[in-house]
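Bear in mind that the values in this text are calculations on the coordinates, not laboratory data. The structure displayed is predicted, hence computed values, not measured ones. Cβ coordinates were reconstructed from backbone atoms using ideal geometry, including for glycine residues, and neighbour counts include every protein chain displayed.
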């Protein structure tokens, strides 16, 4: 499984 | 969106509103660190620049605008409207000791060496330590008003709930942001001493005062 980050938090 | 993330956001919102209302109703910002509030305004400004570049959800956009608006309103109340009540002598934490190392670290350790990404990283690192001037002020005066401790509790609880949110997202969404997680752990740890005092004193109806 690929682990990613994305800026969708506050 | 999971329950930890939502309650974390609401706890954060509660903290911000509690502080604004406390200052507004008492017509005073005594005991509040203006420096911490400037740092939080800087945190929101540098993090939410993506309002201009990407749309995530209506919830996300609204909350960002509310956070930024409240942060600047708080700074305005402290440094303009109720400036006479601002306790600058006790707000003596040297913020350059936070901003400069945090700025350096965000240039060195980030996900991507681009202006927006570095500013986002800067905001994450800065948020983790932005409360230090406020905690320093309390340790200097040796006490805090009860409403101020409610503010601090909600603010600390927010990042603690985000830690559970990240555990949740790691398992169920494959989401993993090392920078946010490490900074979030640091931020939460900084509140631990305060959490202890809050539970042992404030929740038992006593005022938060530190032994001399």
Answer with yes or no whether residue B:143 is surrounded by fewer than 21 Cβ atoms within 10 Å (Cβ to Cβ), in contact with a strand residue (DSSP E or B) (Cβ under 7 Å, 6 or more places away or on another chain) and over 20 Å from residue B:12 (Cβ atoms).
yes
I'd like the full set of residues that are assigned to a loop (DSSP other than H, G, I, E, B) and free of Cβ contacts under 8 Å to residues at least 60 places away in the same chain, limited to segment B:201-210.
B:201, B:205, B:206
Condition check for residue B:198: out of contact with any strand residue (DSSP E or B) (no Cβ under 6 Å at 6 or more places or on another chain), in contact (Cβ under 8 Å) with a residue 12 or more places away in the chain, surrounded by 15 or more Cβ atoms within 10 Å (Cβ to Cβ) and under 20 Å from residue B:120 (Cβ atoms):
no
So, of the residues in segment B:173-187 that are in contact (Cβ under 8 Å) with a residue 40 or more places away in the chain and surrounded by fewer than 20 Cβ atoms within 10 Å (Cβ to Cβ), which turns out to be farthest from the other protein chains (Cβ to nearest Cβ)?
B:186
Kindly indicate whether any position in segment B:29-41 is touching a helix residue (DSSP H, G or I) at 6+ places or on another chain (Cβ under 8 Å), closer than 26 Å to residue B:119 by Cα, surrounded by 14 or more Cβ atoms within 10 Å (Cβ to Cβ) and without any contact (Cβ under 8 Å) to a residue 40 or more places away in the chain.
yes
Within segment B:54-65, take every residue that is touching a helix residue (DSSP H, G or I) at 6+ places or on another chain (Cβ under 8 Å) and more than 10 Å from every other protein chain (Cβ to nearest Cβ) and give me the one that is nearest to residue B:14 (Cα to Cα).
B:65
Residue ranges of helices (runs of 4 or more DSSP H) in segment B:96-169 with at least 1 members farther than 23 Å from residue A:5 by Cα
B:96-108, B:132-141
